[in-house]
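Structure first, commentary second.
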Amino acid sequence: MKIIAQILSATDITTATKDRDGRKVTTGQVKLLCTDPSQIIDVAITEEQVTAGYHASLKTLVGKGPTEFMVEYRSGSFGDDNNRHRSYNGFRLVDLPASVQAKV
């Protein structure tokens, strides 16, 4: 879905490394300030997107004002390595905004 949002600070874009199936995986997250209604949403950046440098490209949008983002809502569940049931839900970045893609 398309949302109009902005990134207020470079600290709103983060990465984290975790163990997944015995290997280290780096994923990211960006906090987007949406308007109408005003709300801050956390949007996940996938391992592949971090590897492609999406988190660095998003930093060029900090403080630039409202931008159109493509996000999707995801939910699911799985069994982890410790035989525990895990579930997740939330937004995930689909692609970089068109204004950033033109510069890449």
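Test residue 52 against the criterion of being without any contact (Cβ under 8 Å) to a residue 60 or more places away in the chain and under 12 Å from the mean Cα position of the chain (by Cα), and give yes or no. So residue 52 does not fit the description; no. Count of region 52-92 residues, restricted to those that are modelled with pLDDT under 85 and either in contact with an Asp or Glu (Cβ under 9 Å, 6 or more places away or on another chain) or closer than 19 Å to residue 10 by Cβ (or both), is 2. The condition (being loosely packed, with under 12 Cβ neighbours inside 10 Å and either among the hydrophobic types (A, V, I, L, M, F, W, C) or in contact with a Cys (Cβ under 9 Å, 6 or more places away or on another chain) (or both)) is satisfied by just one residue among 69, 78: 78. Under the condition of being part of a helix (DSSP H, G or I), out of contact with any Leu (no Cβ under 8 Å at 6 or more places or on another chain) and of a type outside the set (Gly, Ala, Ser), the residues counted in region 39-92 number 8.
Of all residues in region 11-28, those satisfying the criterion of being surrounded by fewer than 13 Cβ atoms within 10 Å (Cβ to Cβ) and not in a strand (DSSP E or B) are 11, 21, 22.
Report whether or not residue 32 is in contact (Cβ under 8 Å) with a residue 40 or more places away in the chain, surrounded by 14 or more Cβ atoms within 10 Å (Cβ to Cβ), on the phi < 0 side of the Ramachandran plot and not β-branched (Val, Ile, Thr).
So residue 32 does not fit the description; no.
When the criteria are applied in full, residue 99 meets the requirement of being closer than 18 Å to residue 1 by Cα and not in a strand (DSSP E or B).
Of all residues being touching a helix residue (DSSP H, G or I) at 6+ places or on another chain (Cβ under 9 Å) and surrounded by fewer than 18 Cβ atoms within 10 Å (Cβ to Cβ) in region 38-47, which is farthest from residue 2 (Cα to Cα)? Just the residue, please.
Looking at residues that are touching a helix residue (DSSP H, G or I) at 6+ places or on another chain (Cβ under 9 Å) and surrounded by fewer than 18 Cβ atoms within 10 Å (Cβ to Cβ), I get 46.
The values are calculated or read from the model by the stated rules, or taken from the named source; none is laboratory data. On a predicted model such as this, the values are computed, not experimentally measured, just so you know. When we count neighbours, we look across all protein chains shown, and the Cβ atoms used for this are built from the backbone with ideal geometry, even at glycine.
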